[in-house]
Amino acid sequence: MIVTELGGISGRLLVFGGVYSNLQALRALRAYADAAGIAPAQVICTGDVVAYGADPAACVDLVRDWGVTVVAGNVERQLAAGAMDCGCGFDEGSTCDRLSAGWYAHADAGCDSAARGWMATLPDFVTFRHGDRRCVVLHGGASDIARFLWPVSPEDEFAAERAVLERLCGPLDLVLAGHSGLAFTRRVGSMDWVNAGAIGMPPNDGARDTRFALLDEDGTVHLERLAYDAEAAVAAMRAAGLTQGYDRALLSGCWPSEDVLPEALRRGAGAVPASALP
C-alpha cells in the first residue's frame, strides 16, 4: 500500500475521478478549475483516468501536465501490471464484464511504457488536512480498490471500510472516493463519506452532465455538474471503434447495462435517492 501525506490544503478543493479516457470532459474540468482560480495543488483525482473513452494517452498526458494529485484506480493498477482485464469488480459473465473487453483492449493499446510507469507510482491513499478535518482520498474501498459502495449500501459496509482505512491511515473525518460512477454523500458514524462521481460518464440519470465534488473553504461539500462537448467525445469513440454502448450513454445519460447497480438504483425501480442526483 502506498500512502501519500499532503499536509494541509487550504481554500477550495476540487475532487474528481472517472475520467474514463474522455478528453473533452477532462478539458472542460480543467477550464472550470482555471476559471475558478483553483490551483493544481487544490485538485485531487480519485483514479480511473483511463477507461471507456477514445483518448487514454491524451488524458494521461493532460492530467500529468495539469500537475494535480492522483490516486490509483483499478484501471491504472491493471495497466501498470500488464494485466489482461480492467479489474473493475464486475461479476464474471455480466454485461459490464463482457463490454469491458473492448474498451480495455483500446486502453491497453493506447498506454505506452511511460504512462504505465507513471501509473505504477500512484498512491493507494492520499491523506491531508482541510480546515479542522483529517481527510483521505481513495478509489473504491480500502479493503478492495474495486469495491462498489453505493448510496444505498448498508451502513455496516461503510463502517467496515472505515475501520480498514483508519487502521492504515489513522483517525479520519472525511473520505473522498470514486469508482462507482455515482456522486453521493453518506454519514458514517462521526465521519462523512463523499463519492465525487465520474466526469467521463453520466450517472445513469438520463442527462448528459457528469459529476465532480467541490469543497468550500469551510468544508461544505457540493456535488457539481459538468457540461462538456459530449458530441465530440462520442465522435472520437466511434472513430476508434468503441461502439459497445458507452458511446450512446454519453448522449442518453443512461448506462448500456445496469447489472452492476443495486436494484434500488436501477432506472425502472424509481427509487434513486436524491443524494445520488444533486
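Computed from the coordinates by the stated procedures, all read-outs in this text should not be read as laboratory data. Because the structure is a prediction, the values reported are computed rather than measured. Neighbour counts run over all protein chains shown; Cβ positions are idealised from the backbone, glycine included.
Take every DSSP beta bridge whose two residues both sit in the stretch 3-265, then give the antiparallel share in percent to the nearest 5. Could the numbers behind the result be given before it?
On the way: 20 of 36 bridges.
Counting DSSP beta bridges with both partners in the stretch 3-265, the antiparallel share is about 55 percent.
For residue 51, what residues show an amide H to amide H distance below 5 Å, using hydrogens built from the backbone and excluding near sequence neighbours?
Those lying under 5 Å, H to H, from residue 51 are 20, 21.
Only sites in a loop by DSSP and with at most 16 other Cβ atoms within 10 Å count here; which GluC sites (Glu not before Pro) in the stretch 155-237 make the cut?
Details: sites: 155, 157, 161, 166, 217, 224, 231; in loops: 217.
Passing both the DSSP loop test and the Cβ count: 217.
Need one word for the stretch 1-92: rounded, prolate or oblate. Basis is the Cα gyration tensor (sqrt eigenvalues a ≥ b ≥ c); a/c below 1.5 gives rounded, then a/b vs b/c decides. It would help to have the intermediate numbers written out before the result.
On the way: a/c = 2.35, a/b = 1.46, b/c = 1.61.
Here the stretch 1-92 falls in the oblate category.
How large is the helix-only mean residue ellipticity at 222 nm for the chain, computed as the sum of -39500 (n - 2.57) over DSSP H runs with n ≥ 4, divided by its residue count, in deg cm²/dmol to the nearest 500? Could the numbers behind the result be given before it?
Numbers: 8 runs with 90 residues, N = 278.
When only DSSP H runs of four or more count, the value is -10000 deg cm²/dmol.
Quick one: Karplus J couplings for the stretch 53-65, per residue in order, coefficients 6.51, -1.76, 1.60, θ = phi - 60°, nearest Hz, x for Gly and Pro?
x, 7, 10, x, 5, 5, 5, 4, 4, 5, 4, 5, 5
Is the C-alpha gyration tensor of the stretch 49-124 telling us rounded, prolate or oblate? Criteria: a/c under 1.5 is rounded; beyond that, a/b larger than b/c is prolate, otherwise oblate. Could the numbers behind the result be given before it?
Details: a/c = 2.00, a/b = 1.67, b/c = 1.20.
Verdict is prolate for the stretch 49-124.
Which chymotrypsin sites (Phe, Trp or Tyr not before Pro) from the stretch 149-255 combine a DSSP loop assignment with at most 16 other Cβ atoms within 10 Å? Each step should come with its number before you reach the end.
Details: sites: 158, 184, 193, 212, 228, 246; in loops: 228.
Qualifying residues, ordered by number: none.
Whole-Hz Karplus ³J(HN,Hα) for the stretch 32-48, in order, using 6.51 cos²θ - 1.76 cosθ + 1.60 and θ = phi - 60°, x for Gly and Pro?
4, 4, 4, 5, 8, x, 8, 6, x, 5, 10, 10, 9, 9, 8, x, 6
Can you put 147, 98, 187 in order, fewest other beta carbons within 10 Å first?
Values: 147 20, 98 13, 187 10.
Exposure proxy ranking, most exposed first: 187, 98, 147.
Which ³J(HN,Hα) values, rounded to whole Hz and listed in residue order, are derived for the stretch 222-239 from phi using the Karplus coefficients 6.51, -1.76 and 1.60 in 6.51 cos²θ - 1.76 cosθ + 1.60 with θ = phi - 60°, glycine and proline given as x?
With coefficients 6.51, -1.76 and 1.60, one gets 10, 9, 9, 9, 10, 9, 8, 7, 5, 4, 5, 5, 5, 4, 5, 4, 5, 5 Hz.
Sum up the charges of everything whose Cβ sits under 12 Å from the Cβ of residue 188, counting Lys and Arg as +1 and Asp and Glu as -1, but leave residue 188 out. Kindly include the intermediate steps, with their values, before the conclusion.
On the way: positive: 162, 186, 187; negative: 155, 156, 157, 161, 166, 173, 192.
Neighbourhood net charge equals -4.
How would the stretch 79-232 be classified by its alpha-carbon gyration tensor: rounded, prolate or oblate, with rounded meaning a/c under 1.5 and the a/b versus b/c comparison settling the rest?
Details: a/c = 1.59, a/b = 1.36, b/c = 1.17.
Note, shape of the stretch 79-232 comes out prolate.
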